[in-house]
Amino acid sequence: MDDRALLQRLIAGPATGDALASAAGQTRAAVWKRIEALREAGVAIEAKPGRGYALSQPLDLLDAEAIAAALDTGARERLAELDVAWSIDSTNSELLRRATPAQGAAVLLAERQTGGRGRRGRVWASPLAAHVYLSLARSFGGGLARLGGLSLVAGIAAVQALHGLGFDAVRLKWPNDLVVLDRAGLRKLGGLLIEGGGEYAGPARAVIGLGLNVRMPAAAATQIDQPWCDLASLAGPRALSRNAVAAALLDALLPALDEFDSAGLAPFIERYAAFDALAGQAVSVHGADAEHQGHAVGLADDGALRVRLPSGEERRFHAGEVSVRRSGEDAR
């Protein structure tokens, strides 16, 4: 019984230390150490008198075969590889170490990341068996210059997938955040990180990383320094499967990336507008030179954020140059 099997046993219901030790062929002390290791990885496990060990909140484990089987035919045909790692430094980093498929996309998910990364080197909290950590590697034509809008396209696809699952409050915060905009304000649900390389005007490859909060453990929540939410809190009593979420994301992402490769960003600008959390909002844009106040008025054709300044002048800001926040909020 490895750690995955141990956790799968607890998903089935409470189990005593004696029962787990017998099934694993280990001592109760050894099982206790493994339970402690799972707790340190982010799984909330209670010890209940008379019942033994039990999960503090529901969870499910990722299954590559189940995800692939749930994909529609078009997405499955675009998929070159689909793997699920138990624990890894970063799904993006791992795909950058691997060769990118000549055709189709390679997808890697993980139950846990020990070195998950967000934009500008920020740490992305990645507790075990809690969220979706998904990276996709793909080749693109047209060179690196065309990849500037890739995070916008991936974000649109992700939001469309989540809307299809009933999470209609999900929006996009330029340039790469998935947020929920409701009576509680603007809360972060997930984020995108695009990495890669290639020739300026020749073949290029990109790794698209997506971190999505599904069931936030209480211990992990205390380490987050900004408003956040997860799918479990949005779903209420509805059943929530991470495998179904991953499949829905891929069903939307894979064809969207094909369209972007052939047609560029243009077809997506109008779609972005329907999900734009900043449109019409007073914003502060923090660049390397200064802070700019104004109102967000959508995207430019190249994916830049358009901001109308108090003078009436319109400025355009590109991803990588600025961070954006709604006025009155801390930078996020």
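Tell me which residues, restricted to segment 271-311, are open to solvent by 20 Å² or more (accessible area, probe 1.4 Å), closer than 23 Å to Phe167 by Cα and modelled with pLDDT under 95.
Once the filter is applied, which keeps residues that are open to solvent by 20 Å² or more (accessible area, probe 1.4 Å), closer than 23 Å to Phe167 by Cα and modelled with pLDDT under 95, segment 271-311 yields Ala279, Gly280, Gln281.
For segment 252-284, give me each residue that is among the charged types (D, E, K, R) and in contact with a helix residue (DSSP H, G or I) (Cβ under 7 Å, 6 or more places away or on another chain). Write out each step before concluding.
If we filter segment 252-284 for residues that are among the charged types (D, E, K, R), which is where we start, we get 258-259, 261, 270-271, 276.
Across segment 252-284, the qualifying residues are Glu259, Arg271.
Would you check if Ala64 is without any contact (Cβ under 8 Å) to a residue 60 or more places away in the chain and surrounded by 13 or more Cβ atoms within 10 Å (Cβ to Cβ)? Talk me through it step by step, then tell me what you get.
Details: without any contact (Cβ under 8 Å) to a residue 60 or more places away in the chain: yes; surrounded by 13 or more Cβ atoms within 10 Å (Cβ to Cβ): yes.
Answer is yes for this residue.
Quick one: which of Arg187, Arg112, Arg138, Arg171 is basic (Lys, Arg), in contact with a Leu (Cβ under 7 Å, 6 or more places away or on another chain) and closer than 21 Å to Val324 by Cα? Working first, answer last.
Details: Arg187 fails: in contact with a Leu (Cβ under 7 Å, 6 or more places away or on another chain); Arg112 fails: closer than 21 Å to Val324 by Cα; Arg138 fails: closer than 21 Å to Val324 by Cα.
Of the residues listed, the single one that is basic (Lys, Arg), in contact with a Leu (Cβ under 7 Å, 6 or more places away or on another chain) and closer than 21 Å to Val324 by Cα is Arg171.
Do you know which residues across segment 127-172 are of a type in the set (Phe, Trp, Tyr) and not in a strand (DSSP E or B)?
Taking segment 127-172 first, the residues of a type in the set (Phe, Trp, Tyr) are 133, 140, 167.
Listed by number, the list holds a single entry, Phe167.
Taking the condition of being over 28 Å from Ser87 (Cβ atoms) and either touching a residue at least 60 places away in the same chain (Cβ under 8 Å) or not aliphatic (A, V, I, L, M) (or both), how many residues in segment 140-152 meet it? Show your work before the answer.
To start, the set of residues in segment 140-152 that are over 28 Å from Ser87 (Cβ atoms) comprises 140-149, 152.
Subset that is either touching a residue at least 60 places away in the same chain (Cβ under 8 Å) or not aliphatic (A, V, I, L, M) (or both): 140-144, 146, 148-149, 152.
Number satisfying all stated conditions: 9.
Name the single residue, out of those in segment 38-50 being over 26 Å from Ser126 (Cβ atoms) and free of Cβ contacts under 8 Å to residues at least 12 places away in the same chain, that is most open to solvent (accessible area, probe 1.4 Å).
Initial filter on segment 38-50 (over 26 Å from Ser126 (Cβ atoms)): 48-50.
Adding the requirement that they be free of Cβ contacts under 8 Å to residues at least 12 places away in the same chain leaves 49-50.
Numbers: Pro49: 128, Gly50: 86 Å².
Result: Pro49.
Quick one: which residue in Ile208, Ile224 is closer than 13 Å to Gly149 by Cα and either crowded, with 21+ Cβ neighbours inside 10 Å or in contact with a strand residue (DSSP E or B) (Cβ under 9 Å, 6 or more places away or on another chain) (or both)? Let's see the steps before the verdict.
Numbers: Ile224 fails: closer than 13 Å to Gly149 by Cα.
Of the residues listed, the single one that is closer than 13 Å to Gly149 by Cα and either crowded, with 21+ Cβ neighbours inside 10 Å or in contact with a strand residue (DSSP E or B) (Cβ under 9 Å, 6 or more places away or on another chain) (or both) is Ile208.
Give just the number: which of (1) in contact (Cβ under 8 Å) with a residue 40 or more places away in the chain; (2) open to solvent by less than 60 Å² (accessible area, probe 1.4 Å); (3) over 19 Å from the mean Cα position of the chain (by Cα) does Gln57 not satisfy?
Status for Gln57: all satisfied but (2).
In segment 12-27, what count of residues is obtained for those that are surrounded by 13 or more Cβ atoms within 10 Å (Cβ to Cβ) and either of a type outside the set (Ser, Thr, Tyr) or under 14 Å from Ala129 (Cβ atoms) (or both)?
9
Are any residues in segment 165-192 over 12 Å from the mean Cα position of the chain (by Cα), of a type outside the set (Val, Ile, Thr) and within 23 Å of Ala266 (Cα to Cα), and if so, which ones?
Applying the first criterion (over 12 Å from the mean Cα position of the chain (by Cα)) to segment 165-192 yields 165-175, 180-187.
When the remaining residues are screened for being of a type outside the set (Val, Ile, Thr), the result is 165-169, 171-175, 181-187.
Answer for segment 165-192, where residues must be over 12 Å from the mean Cα position of the chain (by Cα), of a type outside the set (Val, Ile, Thr) and within 23 Å of Ala266 (Cα to Cα): Arg171, Leu172, Lys173, Trp174, Pro175.
Quick one: would you say Ile35 is at pLDDT 95 or above, among the aliphatic types (A, V, I, L, M), farther than 21 Å from Ser241 by Cα and open to solvent by less than 50 Å² (accessible area, probe 1.4 Å)? Quick ask: steps written out before the conclusion?
Numbers: at pLDDT 95 or above: yes; among the aliphatic types (A, V, I, L, M): yes; farther than 21 Å from Ser241 by Cα: yes; open to solvent by less than 50 Å² (accessible area, probe 1.4 Å): yes.
Criteria met by Ile35.
If Ser135 passes every condition in (1) at pLDDT 95 or above; (2) in contact with a Phe, Trp or Tyr (Cβ under 8 Å, 6 or more places away or on another chain); (3) of a type in the set (Ser, Thr, Tyr) but one, which one does it miss?
The failed condition is (2).
The values are calculated or read from the model by the stated rules, or taken from the named source; none is laboratory data. Only a predicted model underlies this, so the values are computations on that prediction, with no experimental measurement involved. Don't worry about glycine lacking a Cβ; one is built from the backbone with ideal geometry, like all the others, and counts go over all protein chains shown. Heads up: the accessible areas ignore ligands, DNA and RNA and are worked out on the full protein's heavy atoms, side chains in. Shrake-Rupley method; radii C 1.70, N 1.55, O 1.52, S 1.80 Å.
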